[in-house]
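This report refers to the structure that appears directly beneath it.
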Amino acid sequence: MSTVTHEVPESLSSFLAQPKQLLINGQWQDAASGKTFEVINPATEKVVGQVAHGEAADIALAVQAARQAFESGPWRKMTPSERGKMIWKIGDLIEKHNDELAQLETVDNGKPFAVAQVADVPLSADMFRYMAGWCTKIEGNTIPISVPYAPGANFHAFTTREPVGVVGQIIPWNFPLLMAAWKLAPALACGCTIILKPAEQTPLSALRLGELIQEAGIPEGVVNIVTGFGDAGAALAKDDDVDKVAFTGSTEVGKLIVEAAAGNLKKVTLELGGKSPNVIMRDADLSTAIPGAASAIFFNHGQCCCAGSRLYVDEAVFDEVTAGIAEQARSIVVGNGFEADTNMGPLVSKEQYDRVTGFLDRGRTAGATTVCGGTRPEGDGFFVEPTVLVDTDEQMEVIREEIFGPVVAAMPFSDLDDLVARANNTTYGLAAGVWTADVTRAHQIAKAVKAGTVWVNCYNIFDAALPFGGFKQSGWGREMGHAALDNYLETKAVCISV
C-alpha cells in the first residue's frame, strides 16, 4: 500500500519523474521544438512534472501517423471481434490501475481521490467495455427500392457503415480521464484512427492511458497523443488530412473549432457549455431535493458543463430550500483531494480561480446576496468555497453566463408557464433537473425544457448507454450510447443490378 501525502503519492513518484513525451506512431518522443511545460497541482500550486510542449509540427506528424495507420495499417483489417477484444482489454487495464489513475486525477485536476476512485476511473473502464461490445454490432440495412424510370428492373440495394477515417479529439480538464474515454472508445469501436489532444492543465492521465492502450495491443499509429496548448488544438482542427474533429469545452472555443474545420469541411461534433436550470416544485420531497440540488452544482467543484447552476424554486418553499442548500454547502469540507474527509478540492488553475471569483465580485456588485461561501479559504491552492446566491434575476451575468465553479444562483417562481419560459431563456441547452412528486408535471416540464438531458428527482446520472449532449449552443451530436457511434461512421449506399 503506497503512502499518500499532501504533495504526491509515493506510487506516482517514478511516473512523474520520467520525461512526459508525445505518443506518435507508437513511439514516445520529445516535441519537435524540444520545449516542455509545467504541470501544476492546483491544491498546492506546486510543479509536479514537465510535459512535452506539442505544437503544429507535432500535430502534423501525428496526423501523418494516423493516416498511415488508417489507410494501410492492420487496424481496419482486423475483424470486429478482434478490435472489440482489444478495446475491452483497455477497460480491464484501467480497472487494474484504478488507484493510480485516480491519484493522477487528484494531482492533476485537484478532485478528491475518493471521488475519482469510485466515479471517474470506473466510468472510464465501463465506457471502453460498453463500446467494445458495439464492434460486432455496427450493421447496415438491405433496402427494397422502386425505380419508376426502370420498370421491371431488379436491384439489390444495401447500406454499410464505415469508419469516418482520421479523427482529431480535443478534451477538457474537468474530467480528464473520463473525457478521454468518452472520445476514444467509440472512435476505436468504429475503426477510426485518432490524434488526442488533452487539456494543457491536465495531461497526466491521458499519457498514462496511452501506455495502457499500448499494453492492450492497439497497433502503432491508431492512437496518438499530443500534449500542448490551444495552438496545437487549432492545428488539429485545421489540418486537411483530418476527417473529423470532436471537441469538448467552452462554447466560445467550439465556435473557433468550427471555423478552423471549414477548410476541408471535416465533420465536427461539439460538447459545449451549459447554464442548466434545476427546478424544485413545492410538492417535491425536500429531504431528497435539497441535497440533490446541492450535489447538482457542487459536484466536481461546480466544474461540470451540466451543473445545475440556475436554481428555480417554488416561492412557497424558496426560503426553506435555499437555507437547506446553504447548510449543505457549509458542511462541505474544502481541501486537498488526498485528505480523507475532503469533499471538494480546488479549482483547476489560477485562471479558473480568477474567472470564478470575478463572477462573484461582479454578481455582488449587481445586487446578488451571498447566503454562504463566496470567499477563498486560507492557505495555498485555487480554492473557492461553495456559494449560494439569492436576489438574482435573468438580467444578471451570474444567471446568463457559465461560471464553471461551485456557485448556484437561486430564484423563486410561482407560475409554471413562466418558469418554463425562464428556464429556456438561455443560449444553452445541455441539461435540466426537475424535482416533483407529480409525474404528470414532471413529464410536462421534461417535454417543454429545451435540453439534451432532463433528470427527474435525480441529477448527474450518467451511464455509458445513455446519450449525452446539448441543444442550441451547447453543442452538436451526442456522447455515449449507440448515438455516439454516428459521430465516427459514414453511411455508404450500394446498388447492384441483378
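Just so you know, all these numbers are worked out from the coordinates, no wet-lab data involved. Small disclaimer: the values here were computed from a predicted structure and weren't measured. In this analysis, Cβ positions are derived from the backbone assuming ideal geometry, glycine residues included, and neighbour counts consider all displayed protein chains.
List of remarks:
- GluC sites (Glu not before Pro) within segment 205-291, DSSP loop, no more than 11 other Cβ atoms inside 10 Å: none
- In the chain the Cα-Cα distances spread across 20 Å bins starting at 0 as 23, 53, 21, 2, 0 percent of all pairs.
- Estimated FRET transfer efficiency (HIS443, GLN395; beta-carbon r; R0 25 Å; 0.05): 0.25
- Of LEU178, VAL164, GLN117, farthest towards positive along the dipole that unit charges on Lys, Arg, Asp, Glu beta carbons give segment 105-199: VAL164
- Partner lysines whose Cα lies under 23 Å from the Cα of LYS450, excluding those fewer than 8 positions away in the same chain, are identified as LYS255, LYS275, LYS472.
- Dipole in debye (nearest 20) - segment 128-284, about Cα centre, beta carbon charges: Lys, Arg +1; Asp, Glu -1: 460
- Viscosity 0.692 mPa s, temperature 37 °C, Stokes-Einstein D of segment 23-159 from Kirkwood C-alpha radius, µm²/s: 169
- If you take the Cα centroid of segment 184-242 and the Cα centroid of segment 121-173, the two points sit 22 Å apart.
- Nearest-20 debye value, segment 360-479 charge dipole, Cβ charges on Lys, Arg, Asp, Glu: 380
- Value of relative contact order over the chain, rounded to a whole percent, pairs C-alpha under 8 Å and six or more apart: 18
- Cα gyration tensor shape for segment 325-373, rounded if a/c is under 1.5, else prolate or oblate: oblate
- Whether segment 110-216 is rounded, prolate or oblate, judged on the alpha carbon gyration tensor where a/c under 1.5 counts as rounded: prolate
- Applying both filters, DSSP loop and at most 12 other Cβ atoms within 10 Å, to the chymotrypsin sites (Phe, Trp or Tyr not before Pro) of segment 44-152 gives TYR149.
- Rounded FRET efficiency, nearest 0.05, which uses the C-beta distance separating THR288 from ALA323 and R0 of 22 Å: 0.85
- Placing +1 on the Cβ of every Lys and Arg and -1 on the Cβ of every Asp and Glu, with no other charges, gives the chain a dipole of roughly 1560 debye about its Cα centre.
- Over the chain: helical MRE at 222 nm, DSSP H runs n ≥ 4 each giving -39500 (n - 2.57), nearest 500: -11000 deg cm²/dmol
- Listed residue (PRO219, MET281, GLY249) projecting farthest to the positive dipole end of segment 186-291, Cβ model: MET281
- A dipole drawn for segment 71-206 from +1 and -1 charges on Cβ atoms has a positive end, and of TYR130, THR142, PRO203 the residue lying farthest that way is THR142.
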